[in-house]
Every structure is written in structure tokens, then in C-alpha cells.
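Structure first, then comments.
The values are calculated or read from the model by the stated rules, or taken from the named source; none is laboratory data. As the structure is a prediction and not an experimental result, all values here were calculated from the model. Because the Cβ atoms are built from the backbone with ideal geometry, glycine has one as well, and the counts that use them run over all protein chains shown.
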Amino acid sequence: MSKIFNRRNNQRIAKVLIWAAAFAVILVMLAIIIYVLGKGLPVVNLNFLTQQPSDAGRAGGISSAIVGTLLVTFVAILVATPLGVGTAFYLTEYARESTVTRIIRFSAECLAGVPSIVYGLFGFIVFVIFLKLGWSVLSGGLTLAIMVLPTIIRTTEEAIRAVPKIYREVSFSLGGSRWQTITRAVVPSALPGITTGIILSIGRCVGETAAVILTAGSSLRMPTSLLSPTRTMAVHFYILAREGISIDIAYGTAALLIISVLIIDIVANILVRVFVAKVR
Amino acid sequence: MIDFKEKSTELALLFLALSSIASLALITIFIIAEGVPVISKVGIINFLFGTEWAPSLGKYGILPMIVGSISVTLVALVIAVPTALCCAIFLVELSPRFLASIVRPAIQVLAGIPSVVYGFWGLIFIVPFIRNYLGGPGFSILAGSIILAIMTLPTIISIAEDALRALPPSYKEGSLALGTTQWQTIVSLQIPAARSGITAAIVLGMGRAIGETMAVIMVLGNAVALPKSILDPARTLTTNIGIEMGYASGEHQQALFATGIVLLIIIMILNSIAQYAARRR
Amino acid sequence: MASQPKFEVKQLSVYFRHEAALQKVDLTIPSNTIYSLIGPAMGGRTTMLRSLNRMTELVPKTRVEGEILLDGKNIYAADVSVPALRRRVGMVFELPTPLPMTIFDNVAYGARLTGIKSTSTIHQIVEEALTMAVLWDEVKDRLHTPAGRLSGGQQQRLCIARVLALKPEVILLDQPCSGLDPISTAKIEDSLITLKEQFTIVIAPHNVQQAGRISDRVAFFLSGKVVEEGSVTHIFTSPNDQRTADYVTGRFG
């Protein structure tokens, strides 16, 4: 037995398993993407993008869902970014470790784990009912803002911590104030990480269903203001698929969702590369 | 003058930072406020351990959902953790540059796919596969686990990869210089050294899995009875809320909030474990 | 010629948490000299160096007792602006640490912090500083390329230029050549000897021989106290204290 499990063979077996795992991941990804895009891309055309849904979604396009997604995401990121980045900077650059910082961090960690459906419940009871915002872009956006807040805090904090301490020392030794040191020596190096976090959050908002369906509603009409109820693409897809309303449009919506997320990913990567080139 | 600007910046940032505490507090307070009445009416033991969920009869026992959540998550982790660790090791140690630039984007793509799309894909592919080759109705815990495993892979991989990369190269070099093989170095040195990060990755993955709704709602079958095997259909705490919130009202709705409380408590416990594990480096 | 010493250290004690890194140190550093702080690691010389521009304050829970007079004025007085102090007393660190920006931006960094915006002024400052640091000729054609691409020796001279751009009065150097090859080390040592005509230079060399090569005066630190201080000739050829003799001849270190 020990002849088989010797060091060299262990190494080989391990290598095979590891390579297999990596390939399995690629395969699964391709399976999902190719299937959904294959079935869905043919459906996506100009009409699809610009026409509003009609007949409860059986016909027409999904323009209102697209607009709804954009609005809700925009509100969410607009609110979450200053809160999240500010918190991260406070925790890393300004505050000494204290009970307050520990509670802040604990809160952020907990928020990160809260299931999206619970965010939906929370958004429903607080924004829709209590604050009387009703099912609306605003309710959905604010709910999503809190949902992505921990992500932005965490990625920003990591990005800041990744900046070598010596940069700060150098900046201080050249007469920099804390604010100057942060903005000129820390932020430029941390920017790729911070941006990645924000873009990741955009992706989460676009794909989120559970929290949105309970707060922004599921109206098919084009949203006209922050207080209009709306459907995001993800919600639209879910309802179409669950109710079996229109498989074609469902696939088209799914394809559009995936493409959006892919574009967001690519943009994130390009941005990171641009920043890194500028700075190194 | 400069000091004033510094101080006011600090205060402004503190104010922003308190938003996290405020949000968490709000969530906890409101969810508890909505859910507690039902729990106190039904009794906490009946709620947590009752096996019958029948809102129209006023019965609110969520044990089947708890079992569902736990089983789906555990099986998902059994599938995902080894795979994810292998991928992380692959990316850090074994892969040639060009392959990493294929695998990593692939993982990112997986991370970005919305959960509903996962669920739908599972409905089309996984459910029939299980039904035809493994038995049962196909709508099952296993189906949910497989989907969840794929969904949590990116999370676990990326954090584990970071943890491994954060190790100083001198660890590896020192070990290899002593004549150990690469695999031995990985198993006995690098992974244990990175274990706090890896634990964090797993716990995070666990949290994501327990909290997932849309991906599993279409493949779990949503039977309210206590599942007996992984080929049985089931409901999780999350899908319970997801399915019924659309039409629940009054006491029924409050019971769903109560389910939310249980979810929150589970997450809090997981978080505490994660933080404790992270501290015990 | 200057009658007032540049630095007068009076009964300086520095505590990190509760451990004393320096205990009641008295020291006088004349202007326009190269003053070396020698001694084994953890002996206090780095702390002494960093106290001169109050960089010790970057470490939390640090306590300082005593005074350091710069041109007669205590740098620990309540009304002292620490950023202004650090512009007068510049520092070069042990490992070459260019900031992640271009050569030009690195040298201009400190000057820009003071609010200078005019590009021509900045350009002039950068050129002067790089010339004084004996780096101008080597980089003048690639000022806007990332500084990280320079060799180790060039990077360290860049760090010196970065400090010179602020037109300081004192330059502190913390083991500046410890990671460098002998040629780069020689270049930097030569430039320091030239620079002392305009600046006061306090250096904590990473080996005793460097102190012997370039210093005018030397102070020997052991366990947070100054064992002996004097001219370089005195310290190296006829020190009063046996411990000094042992250290400079390499019997311990």
C-alpha cells in the first residue's frame, strides 16, 4: 500500500485531481453560458431592447425591465459607495482599534452574511411599509445599497491595507498631513481594488432578485420616477420562468443579464489594468 | 486650521462608518419586531422543532426547512470545498500563465451569473439528470446542492487563492529546500499556513449557500415535509419565505418574518465562528 | 563656523509601550557635518534618528520625555508643526522606496504637498534636486517613466533627491546603503560628502566601516544609552570606553 502512496505518486495523483478541478470549473461555466446564450441571444434584437413588455410579458420587449435595472442599480451604488468607502477609510486610516471600530467591523461582517431574501423582508417592512415609499425604485435601490455596503467596505479595506505601509511613512516624512498622505500616497495604489469592489457590487445589483422583488415590486410599466414600482431584468426573468409565460423572452432576458454581467466584468478588468499601468 | 479640517474629516468618516451599525440594528429590530409575535404565540419549541408547516391551519413548524437548509448547504460544501481548494492551488502553484488567464475569467464569469439563471439552468439540466440517473423526482436536495456548489465556488476559490498568495515565498522555498515535494509542501505547509483565510472562505461560502434563495427555489421541489434523503424534495428557510411572501398576509406573513429571524441567528452564529477562527491563527 | 549646534538632544527618553528604547540621551550635533549613529541593532540608534524628525510618533503608544532642540528650539514643543519640521529634517529610509509613480512625480511629491502648483517651478525644483543627488544625467531623458524601473542604487539616490527637493536643513539616513552594491554605495557616500557643505547629515550606517569612511563625528549607542561620542578619529583609534573599542573593531555587533 505504501508503495502506491509514496511521495511521487501522491504528487501525481494530486496534480491530476487539481487539473481536473480546474477544467471542471471551465466546463461548467461553458455549459451554462453557451446554453443560455445559445437559446437567448437569437431573441435579443433592437425591438427586444426598446419595446415595452405587453400581454403580461408574453410579447414585446423588456425595455421597462432594463430601465428598472439601471435605475435601481444606480441608486444603490450612489448611496453605498460613499458610505462604504468612507467607512473603510475610517477603519483603516483614522481610527485606533477600539470598541467602536470592532462593532463597526462586526456589523459590516454580519451584514455581509445576511441572506438576500432577508434584505427583501427588511426592505419591505422598512422602506415599502414603514417609510411609505411603496414598491419603488427607491425602496429597491436603498435595500440593495445596504446589501452591497459590506462588499464595498471589505474590498476597499483590503485595497487600502494592500498599500505598503512604507508609502505612508515616506509621505509623512516628506511633511504630508494625514489627509494628503491618504489621497496622494494611498488612494492611487488602492484605486484598482476599490474600483473592483464597486463594479462587483454593480454586478450583484444587476443579478439580484429576492431583495428586489419584495421591494421594487414587479410592475411591467416603465418607471417614471424614483417612486415608481418597477421590475428589474432578473425579476422579470424569474417571473417568466416560474410562471412559464414565455420561454423565449425568458431566455432572451437571461442572455441579456449574462451579457451585462460579462461586460461589467470586462470593464472592471480593463479599469484595473489601466490603473495598475499608470501607477507602476 | 489644518487640524480642524483633519478633525472634521475624521468625524464625517465616523458618521459614515456608523451607517453599518445603523443598518444592522435596523434590520435586526424590524425583523424581530415583525416575527416575534408569532413565535411567542406558537411557542419557540413548536416553531423550531415542529414538523408541520400549514399556515392555513395556523401551524408554523419550521424543522423541515431547517433540515432542508442544513442538508443543502452541507452537501454543497462537500462538493465545493475540495474543488475550490484544488482550483485555488491550481491558480497559485500549478497553472502556466496562459491557462490561468483562462481559468480566472471563467471563475469570474461564474461569480457573475445571476442566481435565477443558475436556478433555471439547474431546472433544465440537473433536475432531469438526477431523475433519470439517480432516482427520485429530480427536484431534490442534491439538485440544490449541486447548483449551490457551483455558485459558491468563486467565493471560496478567490479567498483561498488570496490566502495562499499572501504567504511569504520563503515558506515555500524553505520547505522545498528541505527536499519535500511540491504536493507535500502544499498540504503540510501552505494550506495550514493559510488556514485562517481558507476557513474564512469556507464560512463565507457556507453563509452564501444558506442564504441563497432564487437558485434553489426552482430545483428543490418545495415539498413541506421533512426530507429523508438527498434525493427528496425539500424547502429551505429561504425558499419558504421566497415562495410564500408573495401571497402571505397577517399572521402568515409574520411567520415568514419569524423564519427570517432564525436565518439571521444562524448567520450571526456562523459569523462569530468565522471571526473566532480567524483570530486563532 | 556656526556657533550654535544644529541639534541639541537633552535628556531624551523614548518609550514604545512601556519599553525604553532610549534613556536620558544627551547629544550635540554640529551643523554641516556628517554625524554617524553606530551601535548594534535594538541599541537605540534608529530610534534616535527617527526622533529627530518625530517619525517615532507613527508608532502608537509612544512616549517621549526630554527635549530635542533644533537651532535652539524644542521640536517637541506644543506649537511645533510636525509637517513643517519634517520638511526641514528630511529622511531617507533603509530600503529604496520610490512611491508608485514616475521619477518626476516622486521628486516633486513633497514640493507639491506644500501647495506649489506652477509647473515651471516644480520642474526647476526637480532638476535641482536630481542634480544635487547626482542622478540628473542618468534620468533626465526618462523623467516620466515609473520610478520602480530604476536600479536599487538609482532608486536610493532618487529618494535622496526627493528629500532635497524640499530644501531641508538636515538629512537623516537610516542605513541607506544596506541593500546596495559597493559601486552604488560609493556613489551615495561621495554625494553625502559633497552635500554636507550645505546640509547637516545624520546617518545610521549599516556597518561600522561606512561610519569610518564618511563621518566627521560618531556616537555609539548601546541599550538605549550613548556610551561614547566624539570625532571619528577619536572613536576609531582611541576610544575611551572598552565597549566602543570592541564594537568598532568588530568584536561584537
Unique match (being under 18 Å from B:THR73 (Cα atoms), crowded, with 17+ Cβ neighbours inside 10 Å and out of contact with any Gly (no Cβ under 8 Å at 6 or more places or on another chain)) among B:ILE243, B:ILE202, B:ILE146: B:ILE202
Matching entry among B:ALA225, B:ALA193 (being of a type outside the set (Asp, Glu) and under 30 Å from B:LEU57 (Cβ atoms)): B:ALA225
B:LEU85 under 22 Å from B:ILE210 (Cβ atoms), of a type in the set (A, V, I, L, M, F, W, C) and either loosely packed, with under 14 Cβ neighbours inside 10 Å or facing another protein chain (nearest Cβ under 9 Å) (or both): yes
I'd like the residue in the range B:19-37 that is within 27 Å of the chain's Cα centre (by Cα) and more than 7 Å from chain A (Cβ to nearest Cβ) and, out of all such residues, is farthest from A:ILE152 (Cα to Cα). B:VAL36
Would you check if B:LEU164 is in a helix (DSSP H, G or I) and buried (at least 19 other Cβ atoms within 10 Å of the Cβ)? yes
Boolean, B:PRO64 is more than 23 Å from the chain's Cα centre (by Cα) and either more than 10 Å from chain A (Cβ to nearest Cβ) or small (Gly, Ala, Ser) (or both): no
Has the range B:106-113 got at least one residue that is of a type outside the set (Val, Ile, Thr) and more than 16 Å from A:ILE26 (Cβ to Cβ)? no
Might you check whether a residue that is within 11 Å of another protein chain (Cβ to nearest Cβ), in a helix (DSSP H, G or I), touching a Pro at 6+ places or on another chain (Cβ under 8 Å) and surrounded by 21 or more Cβ atoms within 10 Å (Cβ to Cβ) occurs anywhere in the range A:211-229? no
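For (1) part of a loop (DSSP other than H, G, I, E, B); (2) modelled with pLDDT of 90 or more; (3) surrounded by fewer than 18 Cβ atoms within 10 Å (Cβ to Cβ), each residue gets a yes or a no:
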position: C:ALA129; (1), (2), (3): no, yes, no
position: C:GLN155; (1), (2), (3): no, yes, no
position: C:ALA161; (1), (2), (3): no, yes, no
position: C:LEU166; (1), (2), (3): yes, yes, no
position: C:SER178; (1), (2), (3): yes, no, yes
Condition (residue is of a type outside the set (Lys, Arg), within 13 Å of chain A (Cβ to nearest Cβ) and either crowded, with 23+ Cβ neighbours inside 10 Å or over 24 Å from A:ILE182 (Cβ atoms) (or both)) applied to the range C:112-121: is it met by at least one residue? no
So which residues in the range A:164-190 are more than 15 Å from A:THR92 (Cα to Cα) and touching a residue at least 40 places away in the same chain (Cβ under 8 Å)? A:PRO188
Is one or more of the residues making up the range A:50-60 of a type in the set (A, V, I, L, M, F, W, C) and crowded, with 18+ Cβ neighbours inside 10 Å? no
Is one or more of the residues making up the range C:69-80 in contact (Cβ under 8 Å) with a residue 12 or more places away in the chain, within 20 Å of C:ARG45 (Cβ to Cβ), more than 13 Å from every other protein chain (Cβ to nearest Cβ) and in contact with a helix residue (DSSP H, G or I) (Cβ under 6 Å, 6 or more places away or on another chain)? yes
Among the residues of the range B:105-142, how many are within 14 Å of chain A (Cβ to nearest Cβ), assigned to a helix (DSSP H, G or I) and crowded, with 19+ Cβ neighbours inside 10 Å? 18
Which one of these is touching a residue at least 40 places away in the same chain (Cβ under 8 Å) and either more than 8 Å from chain B (Cβ to nearest Cβ) or surrounded by 15 or more Cβ atoms within 10 Å (Cβ to Cβ) (or both): A:LEU70, A:LEU83, A:LEU46, A:LEU27? A:LEU83
